[in-house]
Amino acid sequence: MSVRAIHTVLFDLDGTLIDSAPDLAGAVNSLRERKGLAPVPYARLRPMVGTGARGMIGAAFGLQPGDEGFDALRDEFLALYERNLLQHTRVFEQMVPVLDALDVAGLRWGIVTNKAERFTLPVVQGLGLDVRAGAVVCGDTTPHAKPHPAPLLEAARRIGADPSACVYVGDDLRDVQAGRAAGMATLAAAWGYLGQGDAIGSWGADGLIDMPGELLKWLDLA
């Protein structure tokens, strides 16, 4: 795929565009404190952020969906997180000049995340991204979440871009799978949370970028 044909950049949110791990880890450790348990080290929780509440409850309590007590812990965790969405969450520092450069170059960009709207929209608004993003598509915006291509196709539709003119940047295998299924170029973000699955180099992305600034080089903007 020709880089010159790309004029729209879509970003995953957590772990790609913003660093929300401190607040998510804080919420799950607050829940452990409520249960009389010691905190889990941040380094153990950070990689699991991309898998949402399932991953956080799994790392903090050793429970998975379907296990007794999982649903109650998940709901309590999400309630705690919802009250503390923006304590430490920030746009990745090195992503700030990247977004500025995209704006200057006239390239449209948007956000596609599996995070539910009740969490995504306050975060995006609180960080001032809502007035800049051409589209914000959440995990419950369409009937399907990633790795299904529907959210990415909806973002392209809202921006008015052909999927073949889009590149999707994400830090999880599901991001690459969704992007490829949508007919988009894909870039794997190595600074992200990455999870504990297959190595990032095996995801099949069109490119692997170690730092946000490398996106501009990939787009021939730097």
Filter result for PHE92 (of a type in the set (Phe, Trp, Tyr), more than 16 Å from the chain's Cα centre (by Cα) and either modelled with pLDDT of 95 or more or closer than 20 Å to GLY197 by Cβ (or both)): no
Breaking point among (1) open to solvent by 50 Å² or more (accessible area, probe 1.4 Å); (2) assigned to a loop (DSSP other than H, G, I, E, B); (3) without any contact (Cβ under 8 Å) to a residue 40 or more places away in the chain, for LEU121: (2)
In the range 131-140, the residues that are open to solvent by 10 Å² or more (accessible area, probe 1.4 Å) and either under 24 Å from TRP218 (Cα atoms) or more than 15 Å from the chain's Cα centre (by Cα) (or both): VAL131, ARG132, ALA133, GLY134, VAL136
Subset of the range 23-56 (residues that are surrounded by fewer than 18 Cβ atoms within 10 Å (Cβ to Cβ) and touching a Lys or Arg at 6+ places or on another chain (Cβ under 9 Å)): ALA38, PRO39, VAL40, ARG54
Top-ranked residue in the range 104-118 [being open to solvent by 40 Å² or more (accessible area, probe 1.4 Å) and in a loop (DSSP other than H, G, I, E, B); ranked as nearest to LEU17 (Cα to Cα)]: ASN114
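The values are calculated or read from the model by the stated rules, or taken from the named source; none is laboratory data. Keep in mind it's a predicted model, so treat the numbers as computed, not measured. Ideal geometry is used to build each Cβ from the backbone, glycine not excepted, and the neighbour counts take in all protein chains shown. All accessible areas refer to the heavy atoms of the entire protein, side chains included, with ligands and DNA or RNA removed. Shrake-Rupley method; radii C 1.70, N 1.55, O 1.52, S 1.80 Å.
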